[in-house]
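The values are calculated or read from the model by the stated rules, or taken from the named source; none is laboratory data. These numbers come from a predicted model, not from an experiment. Neighbour counts run over all protein chains shown; Cβ positions are idealised from the backbone, glycine included.
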Amino acid sequence: MNETQAYDQLRIVLLSAATPGREARIDALLGAIDSHAGPLAPTNIAVDGDPAYAAPAVRKILAADLKSKRGRVMAQSVILYRPEPNIRMTISTLLPGESVDLEAELGVPLTWFAADGTARADLVVTLVAAMAEAMGASFGFAHGRTDLSVGRDEHYTDPYAPIKIVESHWVDVLGPELVEQLGRARVMSTPAEVLPLKGGGVLVRSRATPVDYNSAEARAAQVGVLAHLTDKPPNAIAARLAERSARLAPVEPAFDPDVAALLERIVRTRDWGDQAQAIAQWNAFHAPDPDEWMPSDLALGRNVPDVEAEIDRYSLHAEQLVALVHEDVPEVGNADPKVLPAVDFHFWNFNYPRRFPQSRVDDKLVPALGAWLGELLVNTLGGRWIPRKNLDESEVVVGKRAWLPFLRARRMLADRDSVAKFSLNQLYRVAERHR
């Protein structure tokens, strides 16, 4: 199992077409979960107090009409979960008048299949089949969430999209209408494991387990199923899936060392399916060498009337930065350079230049961030302040260089992209090496 799969999930989605008797279908669905979920059975309901799971409580929640301020009936849903393994199940009643009125979704960590993978996969297939039969599923699938996110087909996220075969998954559930549309003989002869369901539906399982969904063997199985059911050219399907697998292929990080800790955090904000591509992009990035410095013997010198008062003012600015950031980065109040990547990421993540007017960035954020950086240079590298009336000219002398922390802060806060180009951690590490 590669790193992506270690954090990936099997996503199971079942959709039921709008037909009379939804309450009965909900009861049958909950009964199927109680009878067949076994080690995946939910233990709690995600509402106030996280009460223990009980089918009657779920029925009550789903039966209550959720109305908008305009009095219209809206979709209702209930989230069920099990902490170990990390199972999350959502049952939703959808808007009246739409083609689909009931949806069930389940997430199972792929790591759960590492032990007794085939047996556990069989259990999931049994559960999916039972749920599909109980709710009268018209369509469904079970597949790796990351691969679904890379594919980004509208069908995965829009329960109101026309029900049709657009992909092949580890498991596909075809409702009776879809089976008849495709032809039952054709569906039953699909080159995969085919399981007839009560009511006329069919479950198609392309591989023994879901874990290796992007392996060559799994892709070949997916190509065979989709080409058989849709008459799409196998070569075209294979090429598209190969491209998707290439995007999922692990990429070894080779980040610029002075900004590596920041880039690792940025990469983790991307969907798992996009992380390999993001790593490749950032591997090619090299932050420009800091030029916010001058030889210490060419330092501009002090030009403020009260040097100590100005340095005290810098300390107040730095405290403002601590107050702003401490909730997200609790260690920011410590004079420890280890916190620098987290502070860099905070400013990348919150993207203040986009949120705040320029005047606030210039008058509040730049002084606070520059002073905090300068104080760190003073307290950990033995630097000394040379205050100037123009903050951008204020210096901290460390060894043979006089650094300009306020100028660095101003450049970093130009926009989100500037955080990596002008990170605080990079300037600090260069100052550390040249002290």
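For the range 209-228, which residues satisfy the criterion of being out of contact with any strand residue (DSSP E or B) (no Cβ under 8 Å at 6 or more places or on another chain) and assigned to a helix (DSSP H, G or I)?
Residues satisfying the conditions are Ala216, Glu217, Ala218, Arg219, Ala220, Ala221, Gln222, Val223, Gly224, Leu226, Ala227, His228.
Checking the structure you have, find out if any residue of the range 344-365 is within 24 Å of Arg435 (Cα to Cα) and surrounded by 12 or more Cβ atoms within 10 Å (Cβ to Cβ).
yes
Suppose we filter the range 27-37 for residues that are touching a Leu at 6+ places or on another chain (Cβ under 6 Å) and either in a helix (DSSP H, G or I) or at pLDDT below 95 (or both); how many remain?
Of the range 27-37, the ones touching a Leu at 6+ places or on another chain (Cβ under 6 Å) are 36-37.
So of that shortlist, the ones also either in a helix (DSSP H, G or I) or at pLDDT below 95 (or both) come out as 36.
Final tally of qualifying residues: 1.
So Gly382 fits all but one of (1) surrounded by fewer than 19 Cβ atoms within 10 Å (Cβ to Cβ); (2) at negative phi; what number is the exception?
Answer for Gly382: the failing condition is (2).
Listed residues Ser77, Ser149; which is modelled with pLDDT under 90 and not in a helix (DSSP H, G or I)? Break it down into steps so the answer makes sense when it comes.
Details: Ser149 fails: not in a helix (DSSP H, G or I).
Matching residue, one of Ser77, Ser149: Ser77.
Looking at (1) outside the structural domain of Arg11 (by TED's automatic domain parsing); (2) surrounded by 12 or more Cβ atoms within 10 Å (Cβ to Cβ), find the lone condition where Gln222 falls short.
(1)
Here are Ala284, Ala276: which of them is in contact (Cβ under 8 Å) with a residue 60 or more places away in the chain, out of contact with any Gly (no Cβ under 6 Å at 6 or more places or on another chain) and aliphatic (A, V, I, L, M)? Talk me through it step by step, then tell me what you get.
Working: Ala284 fails: in contact (Cβ under 8 Å) with a residue 60 or more places away in the chain.
Answer to the check: Ala276.
Return yes when Glu395 is buried (at least 24 other Cβ atoms within 10 Å of the Cβ), charged (D, E, K, R) and in the same structural domain as His326 (by TED's automatic domain parsing) and no when it is not.
yes
Assuming Leu298 fulfils every condition listed in (1) touching a residue at least 40 places away in the same chain (Cβ under 8 Å); (2) touching a strand residue (DSSP E or B) at 6+ places or on another chain (Cβ under 9 Å); (3) in the same structural domain as Val173 (by TED's automatic domain parsing) apart from one, which condition is it?
(3)
If you go through the range 185-208 one residue at a time, how many are in a loop (DSSP other than H, G, I, E, B), in contact (Cβ under 8 Å) with a residue 40 or more places away in the chain and surrounded by fewer than 20 Cβ atoms within 10 Å (Cβ to Cβ)? Don't jump to the end; show me each part of the working.
Looking only at the range 185-208, we keep the residues that are in a loop (DSSP other than H, G, I, E, B), and these are 189-192, 197-201, 206-208.
Of the ones still in play, those that are also in contact (Cβ under 8 Å) with a residue 40 or more places away in the chain are 197-199, 201, 208.
Now drop any that are not surrounded by fewer than 20 Cβ atoms within 10 Å (Cβ to Cβ), which leaves 198-199, 208.
Looking only at that region, the number is 3.
Could you list, in sequence order, the residues of the range 229-249 that are assigned to a helix (DSSP H, G or I) and either under 30 Å from Pro337 (Cβ atoms) or small (Gly, Ala, Ser) (or both)? Step through it out loud before you land on a result.
Taking the range 229-249 as the starting set, the residues that turn out to be assigned to a helix (DSSP H, G or I) are 229-230, 234-248.
Listed by number, the residues that qualify are Ala236, Ala238, Ala239, Ala242, Ser245, Ala246.
Hey, Val204 hits all of (1) over 27 Å from Pro109 (Cα atoms); (2) in contact with an Asp or Glu (Cβ under 7 Å, 6 or more places away or on another chain) but one; which does it fall short on?
(1)
Looking at (1) modelled with pLDDT of 85 or more; (2) surrounded by fewer than 23 Cβ atoms within 10 Å (Cβ to Cβ); (3) not polar (S, T, N, Q), find the lone condition where Pro162 falls short.
(1)
Sort through Asp336, Asp306, Asp271, Asp328 and tell me the only one that's charged (D, E, K, R), out of contact with any Asp or Glu (no Cβ under 8 Å at 6 or more places or on another chain) and under 30 Å from Ala246 (Cα atoms). Steps first, answer last, please.
Values: Asp336 fails: under 30 Å from Ala246 (Cα atoms); Asp306 fails: under 30 Å from Ala246 (Cα atoms); Asp328 fails: under 30 Å from Ala246 (Cα atoms).
When all the criteria are applied, what remains is Asp271.
Residues are listed down the side, and each one gets a yes or a no for (1) within 29 Å of Trp282 (Cβ to Cβ); (2) at pLDDT 95 or above:
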| position | (1), (2) |
| --- | --- |
| Asp336 | yes, no |
| Ala342 | yes, yes |
| Trp348 | yes, yes |
| Phe356 | yes, no |
| Thr380 | yes, yes |
| Glu393 | no, yes |
| Pro405 | yes, yes |
| Arg411 | yes, yes |
| Lys421 | yes, yes |
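Does the range 254-266 contain at least one residue that is out of contact with any Phe, Trp or Tyr (no Cβ under 8 Å at 6 or more places or on another chain), of a type in the set (A, V, I, L, M) and in the same structural domain as Ala119 (by TED's automatic domain parsing)?
No, that holds for no residue.
I'm told Pro290 meets every condition in (1) more than 18 Å from Leu373 (Cα to Cα); (2) of a type outside the set (A, V, I, L, M); (3) modelled with pLDDT of 95 or more except one. Can you identify the failing condition by its number?
(1)
Check Arg240, Arg265 and return the single one that is basic (Lys, Arg) and in contact (Cβ under 8 Å) with a residue 12 or more places away in the chain. Even if it seems obvious, please write down each step before you answer.
Values: Arg240 fails: in contact (Cβ under 8 Å) with a residue 12 or more places away in the chain.
Testing whether each residue is basic (Lys, Arg) and in contact (Cβ under 8 Å) with a residue 12 or more places away in the chain leaves just Arg265.
Determine whether Glu252 is at pLDDT below 95, surrounded by fewer than 17 Cβ atoms within 10 Å (Cβ to Cβ) and not in a loop (DSSP other than H, G, I, E, B). Quick ask: steps written out before the conclusion?
Details: at pLDDT below 95: yes; surrounded by fewer than 17 Cβ atoms within 10 Å (Cβ to Cβ): yes; not in a loop (DSSP other than H, G, I, E, B): no.
Judged against the criteria, Glu252 is not a match.
Does Val322 meet the test of being of a type outside the set (S, T, N, Q) and not assigned by TED's automatic domain parsing to the domain that holds Ser423?
Details: of a type outside the set (S, T, N, Q): yes; not assigned by TED's automatic domain parsing to the domain that holds Ser423: no.
When the stated conditions are applied, Val322 does not pass them.
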